[in-house]
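The structure appears right after this line, and notes come after that.
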Amino acid sequence: MDGSNRREWLKLCAAAGGSYLVASGSRAAERMTPAVSAVDHLLLGVSDLDRGIAWVEKTTGVQAMVGGSHPGVGTRNALLSLGGRRYLEIIAPDPAQKAFNFRIDVRKLSEPRLITWAAATRDIDALAKKAREAGLEVFGPQPGSRERPDGKVLRWKTLGIKVDLAADGVDPIPFFIEWAPDSLHPSQDSPRGCELLALDVAHPKPVEVGGVLSKLGIEASVKPGRHARLSATLRTPKGTVKL
């Protein structure tokens, strides 16, 4: 996800055993989307983009493609496809920008780690209405766009969910993105070779996290843990790996 229209959203947010499966009853299950299927892209935070690209290549066997900078946010990224309409965004500080306004301070990371994720939607306005009716506070939908090096313009809308569940530099609640029909999804022209198999969530407040995801139509097994954590299982040229 790129572009200056994302700026305000980025500025806005800043135990043992068992797991909590979101969804109960057949009717609820019919409306739920498994977390791994809901993914549009995962954000891997790193303190230095070049080191992040090298780490991902060493881990997966695939070299990510440099994407671009986020003006006013203080970050830049690199991308690789995760199969289908999913991709990994390696996000790092942009040394060419003086201000840093990204909601999670990736500058402090000692090693790469997943910090949050984006979920796909085909009707972001309906989703916003559903979230509000479920008692959630939202930011957006907000339009965004980015011009590619070849001159083509990518357009999208994003929706942020305002909840106080980010912890330990990890936000387990996704923001949502709807890509314009005429925009090429980044997964389609990013380096290929990896496939997302699973997305797991751990959090000190698993019931609360599971409840919010459920209200958003996402089915996830949220495990209790001392720290917030996102974990992705990938099939790669180097075998099955976990980020």
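Quick notes on this one:
- Number of the exception - Pro143 against (1) in a loop (DSSP other than H, G, I, E, B); (2) over 18 Å from Tyr87 (Cβ atoms): (1)
- Count of region 167-184 residues which are out of contact with any Gly (no Cβ under 9 Å at 6 or more places or on another chain) and surrounded by fewer than 18 Cβ atoms within 10 Å (Cβ to Cβ): 7
- Number of positions in region 189-205 that are surrounded by 23 or more Cβ atoms within 10 Å (Cβ to Cβ) and over 20 Å from Leu80 (Cα atoms): 2
- Filtering region 39-48 to residues that are out of contact with any helix residue (DSSP H, G or I) (no Cβ under 9 Å at 6 or more places or on another chain) and over 16 Å from Val66 (Cα atoms) leaves only Val39.
- Between Val222, Val207, Val212, Val201, the distinction of being farther than 25 Å from Asp105 by Cα and either among the aromatic types (Phe, Trp, Tyr) or not in a loop (DSSP other than H, G, I, E, B) (or both) belongs to Val207 only.
- Count of residues meeting criterion [touching a Leu at 6+ places or on another chain (Cβ under 8 Å) and not in a loop (DSSP other than H, G, I, E, B)] in region 230-243: 9
- Taking region 56-74 as the range and being in contact with a Lys or Arg (Cβ under 6 Å, 6 or more places away or on another chain) and either of a type in the set (D, E, K, R) or on the phi > 0 side of the Ramachandran plot (or both) as the test, the residues that pass are Gly61, Gly72.
- Taken together, Leu88, Leu154, Leu127 contain a single residue that is more than 16 Å from Ser190 (Cβ to Cβ) and among the aliphatic types (A, V, I, L, M), which is Leu127.
- Search result, residues across region 89-114 that are under 24 Å from Val56 (Cα atoms) and in contact with a helix residue (DSSP H, G or I) (Cβ under 7 Å, 6 or more places away or on another chain): Ile90, Ile91, Ala92, Pro93, Phe100, Phe102, Arg103, Pro112
- Test: residue in region 211-222 that is surrounded by fewer than 19 Cβ atoms within 10 Å (Cβ to Cβ) and closer than 18 Å to Leu42 by Cβ: yes
Every read-out reported here was derived from the displayed coordinates using simple, explicitly stated rules and does not represent laboratory data. None of the values given here were measured: they were computed from a predicted structure. Note that we place each Cβ from the backbone using ideal geometry, even for glycine, and neighbour counts take in every protein chain shown.
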